[in-house]
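What follows draws every value from the coordinates through simple rules; no lab data is involved. Source: prediction; values computed, not measured. Don't worry about glycine lacking a Cβ; one is built from the backbone with ideal geometry, like all the others, and counts go over all protein chains shown.
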Amino acid sequence: MRSIAITVNGVRRELDVEPRQLLVYALREQLGLTGTNVGCDTTTCGACTVHLDGESVKSCTVLAVQADGREVTTIEGLQSNGDLHEMQRAFHENHALQCGYCTPGMIMAATSLLKEHPDPSDEEIRYGLEGNLCRCTGYHNIVKAVQAVAGA
């Protein structure tokens, strides 16, 4: 076991983890942050997307020990004082979710995309989110939601 200290959603947390434990499992099983979903463990689906030091990453490809001393933001950390983040609201208002399984990862990837490209075209949004899969084929409304936030 290894002791690590990570700041998750603004709170410093200390954990004992196996050296091979993935960040997604530390978040879900040790910290109870189940908004970060496990979909594939192979980087294919993007359901586990979080921000690591402000960058969008798939937490199924990051070891928990690699997050030692770093800052992680999960879907739970986007809201402020109980108010939804503008991207969370846009997904709701634009019906950009169906089953909801991909939604946390999509929202995390979309917020990162807009940080890098504040005014993307539909094509740039689709390209920027291509590492996140929606098996319910909700892409049209997902693009609309991202555009709504970009245009706000």
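Only loop residues by DSSP count here, and only those with at most 15 other Cβ atoms within 10 Å; note down the trypsin sites (Lys or Arg not before Pro) in the range 8-60 that meet that.
Qualifying residues, ordered by number: Arg20.
State to the nearest 20 debye the size of the charge dipole of the range 86-151 about its Cα centre, where the only charges are +1 on K and R beta carbons and -1 on D and E beta carbons. If you can, show how the numbers build up before the last one.
On the way: 5 positive and 8 negative charges, 55 e Å.
It comes to approximately 260 debye.
Determine, from the Cβ-Cβ distance of Ala5 and Ala152 and an R0 of 30 Å, the FRET efficiency 1/(1 + (r/R0)^6), rounded to the nearest 0.05.
Values: r = 36 Å, r/R0 = 1.20.
Computed FRET efficiency for Ala5 and Ala152 comes out at 0.25.
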Relative to the first principal axis of the alpha-carbon coordinates of the chain, what is the inclination of helix 103-116, with its axis defined by its Cα atoms, in degrees from 0 to 90 and to the nearest 10? 80
Rounded tilt (10° steps) of 139-151 against the dominant C-alpha axis of the chain: 90
Dividing the alpha-carbon radius of gyration of the range 1-50 by 2.2 N^0.38 Å (N being the number of residues), what value is obtained? 1.15
What percent do you get for the relative contact order of the chain when only Cα pairs under 8 Å and 6+ apart count? 24
FRET efficiency for Thr137 and Glu93, using Cβ-Cβ distance with R0 set to 22 Å, rounded to 0.05: 0.70
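What does DSSP give for the range 1-104 in terms of the percent of beta bridges that are antiparallel, rounded to the nearest 5? List each step's numbers first, then the result.
On the way: 15 of 17 bridges.
Percent antiparallel among DSSP bridges in the range 1-104 is about 90.
With 10 angstrom as the radius, rank Leu52, Leu27 by how many other C-beta atoms surround their C-beta, starting from the fewest. Walk me through the numbers on the way to the answer.
On the way: Leu52 19, Leu27 28.
In order of increasing Cβ crowding within 10 Å: Leu52, Leu27.
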